[in-house]
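Here is the structure we will look at, set down as structure tokens.
The values are calculated or read from the model by the stated rules, or taken from the named source; none is laboratory data. Bear in mind the structure is a predicted one, so any value in this text is a computation, not a measurement. Quick reminder, even Gly has a Cβ in these numbers, built from the backbone with ideal geometry, and neighbours come from all protein chains shown.
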Amino acid sequence: MPTQVLMNNVCIVCTMEESDRFMGQKADGFVYLPSVEALHAFEKHIAFHRSLESYSTILDRKLVALNSAGIAALAEAVEDDQKRQWLWTHVDYSIKLW
């Protein structure tokens, strides 16, 4: 898989929710993705790891601008693991544009 390069400071962000059979539903942070291809790979990843007891769900998808810390964190995550072209974190790196 070719290395993804961030264009400017824009990426796809998914707001996640985790559902556990015993603990119920809870917020599960944000997933930052540098491309549509990475989004499709991430969707396949969560579908593959889904079980009756525990699973993650994408609540929202949007295009956002990242602050400099987010750009660095996403670039590092993508570089560290070529098979996982995303950053899953509880930190909100998005910049409010309006």
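Do we find that A38 is out of contact with any Pro (no Cβ under 6 Å at 6 or more places or on another chain), without any contact (Cβ under 8 Å) to a residue 40 or more places away in the chain and of a type in the set (A, V, I, L, M) in this structure?
So A38 fails the test.
Under the condition of being at positive phi and surrounded by fewer than 11 Cβ atoms within 10 Å (Cβ to Cβ), which residue from region 2-31 is modelled with the lowest pLDDT?
Top of the filtered list is G24.
Looking at this structure, is V64 assigned to a strand (DSSP E or B) and not hydroxyl-bearing (S, T, Y)?
yes
Would you check if A38 is modelled with pLDDT under 95, of a type in the set (G, A, S) and under 12 Å from the mean Cα position of the chain (by Cα)?
Against the criterion (modelled with pLDDT under 95, of a type in the set (G, A, S) and under 12 Å from the mean Cα position of the chain (by Cα)), A38 qualifies.
Regarding region 45-53, can at least one residue be identified that is at pLDDT 90 or above and touching a helix residue (DSSP H, G or I) at 6+ places or on another chain (Cβ under 6 Å)?
Scanning region 45-53 turns up no residue that is at pLDDT 90 or above and touching a helix residue (DSSP H, G or I) at 6+ places or on another chain (Cβ under 6 Å).
Please go through region 48-80 and pick out each residue that is surrounded by fewer than 10 Cβ atoms within 10 Å (Cβ to Cβ) and either free of Cβ contacts under 8 Å to residues at least 24 places away in the same chain or aliphatic (A, V, I, L, M) (or both).
F48, S51, L52, L63, D80
Spot the failing condition for H40; the list is (1) surrounded by 17 or more Cβ atoms within 10 Å (Cβ to Cβ); (2) under 22 Å from E18 (Cα atoms), and only one is missed.
Looking at each condition in turn, H40 falls short on (1).
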